[in-house]
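The values are calculated or read from the model by the stated rules, or taken from the named source; none is laboratory data. Owing to the predicted nature of the structure, the values given are computational and were not obtained by experimental measurement. Cβ coordinates were reconstructed from backbone atoms using ideal geometry, including for glycine residues, and neighbour counts include every protein chain displayed. We work out accessible area using only protein heavy atoms, side chains counted, and drop any ligands, DNA or RNA first. Shrake-Rupley method; radii C 1.70, N 1.55, O 1.52, S 1.80 Å.
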Amino acid sequence: MAEKEVFFAELEQSTKDLSAQCGLTAPSADSHSVLQDRLSSPLDSNDERTVQPFPRSPKLKKKMENTGQPSQEQLSRRLEELQAERSKTEAHIQSLKKRRADLSRSTEVMKQQVRERFESMQLVLKQDEQAVLDSLELDLRQTRTRLDQVLKNWKEHQDQIAKNINSTQRALSESGRRGEEEEKGQRGSLSPKKPDASEAEIRLNGERFEKLLKTLSCISKQLKAQLQRKTLLMDSSPVMMDRQTSHSNITVTSNGRGMFYSGPAHSAPEHLLQFDKVCCALGASPLPSPQSYWEVDVRCSSAWAVGVAYASLERKGRDKGAKLGRNRNSWCVELRNGRLTAWHNDRHVACQGVGQTMLVRVGVWVNYDKGQLVFYDADHMVVLQRFSAAMTPVFDRAHHQFTEPLYPAVRFLKPENQIWPNHLELCHLINQ
């Protein structure tokens, strides 16, 4: 306490000196007492009252009020909101149940329509089968008629021989009348009968039957191919090529499906993403669905590449990064110098199932989610090459699932002996 008194005495003296210098009056004893009380009270007092340094903010007050018990009006409003939400939820659930029932009914209608189509196909096949069987039966009846006539003639000849044998035997048994019977036998002798050459021609038409079997076999193969193709056509997508980014030597028709190689014209690219050296063209948009199928008519070109590519495929220069199948961003089948090969990541294999005739249409099927890509001979539905995520000795791992949107892609290759221009056409499959 002695130190406090000394501190206040020094403070009071300093205040007097400062007031004297500034021309101010010295503080009164009362002010000193108040000051001393204010300074000493926090130290000396044992008052434990909570001191609020500033008033609470309106937002905090409102929040505290909201955390309290809600009013009757608020509860009523909340109840109305919950009841309205329950009504909406129940209506939506009923709508979903109705849609589910409609889906079942629609599926049954579709199944019935499919059954009717296949029944009509089966009826046509049954009718054709019966017509072929009737034709074979008619051939059999006609052949039998001719053969029966020949058989009748031979039986008549056989009967005549039997009569002559009997007469000759009687002549031998009656030795007294030998001369007379010999004379009669000579008169009734039968000349030998030889088979007619026309008898060898009496047979079923084997050549016609063999032609029939070959035709039926061909129809069966075509029918099998068409039935397989029908599933792919369900995933058919309209494909158009991008005129702006195609190489300047490629002329794309107005409908976006036809492509002509217009000759070696060296013009500067007009678009930043246009191919400037490699004669490639990409689709105007990525594949529209996870499963897509399209076909390319290649009969008017003797050197081409058909496939798919990412948009990140390089567009400038002649490096492998800009060529279909020579990088990880593209896959293709390629016809060059009469050899059909499949390419990816600059590796290739000879395509399977290639016949003696030239390809007319190349089918391309993509299952994006499963990472599958298949190239077909679209006329015979023969698999030319299948890419998948499976390990292969040539391509290592073809791909670990697709990582970017895929675009249809074509490339014109320079053939050894063909007059330009070449032509490729994207087939219109919607109405087929």
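How would Val114, Val382, Val239 line up by accessible area, probe 1.4 Å, largest first? Write out the running numbers ahead of the final one.
Values: Val114 75, Val382 45, Val239 20 Å².
Greatest to least solvent exposure: Val114, Val382, Val239.
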For segment 127-168 (alpha-carbon point model, no solvent) the Debye-based log₁₀ I(q)/I(0) at q = 0.16 Å⁻¹ works out to -0.56
Looking at this model, which pairs from Lys224/Lys323; Lys97/Lys230; Lys155/Lys194; Lys97/Lys370; Lys370/Lys414 are more than 25 angstrom apart at the alpha-carbon? Lys224/Lys323; Lys97/Lys230; Lys97/Lys370; Lys370/Lys414
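Highest mean first, what order results for 205-213, 226-234, 333-341 on Cβ atoms within 10 Å?
Numbers: 205-213: 11.2, 226-234: 13.2, 333-341: 16.8.
Ranked from most to least packed, the peptides come out as 333-341, 226-234, 205-213.
Where does the charge balance sit around Ser217 when Lys and Arg score +1, Asp and Glu -1, over other residues with C-beta under 11 Å from its C-beta? Can you show the working numbers first?
Details: positive: Lys211, Lys214, Lys221, Lys224; negative: Glu210.
Residues near Ser217 contribute +3 overall.
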Ignoring ligands, DNA and RNA, how do Thr215, Thr403, Thr253 rank by accessible area with a 1.4 Å probe, largest first? Thr403, Thr215, Thr253
With every protein chain in place, what's the accessible area of Cys427 (1.4 Å probe, Å², nearest 10)? 30 Å²
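Can you give the charge dipole size of segment 227-338 about its Cα centre, rounded to the nearest 20 debye, using +1 on the beta carbon of Lys and Arg and -1 on the beta carbon of Asp and Glu? Walk me through the numbers before you get to the answer.
Values: 14 positive and 9 negative charges, 55 e Å.
Using only the charged Cβ atoms, the result is roughly 260 debye.
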Which semi-axes, in whole Å and largest first, does the equivalent ellipsoid of segment 246-363 have when worked out from the alpha carbon gyration tensor as the square roots of 5 times its eigenvalues? 22, 17, 16
What whole number of Å gives the distance from the Cα centroid of segment 280-339 to the Cα centroid of segment 92-108? 43 Å
Dividing the alpha-carbon radius of gyration of segment 73-135 by 2.2 N^0.38 Å (N being the number of residues), what value is obtained? 2.55
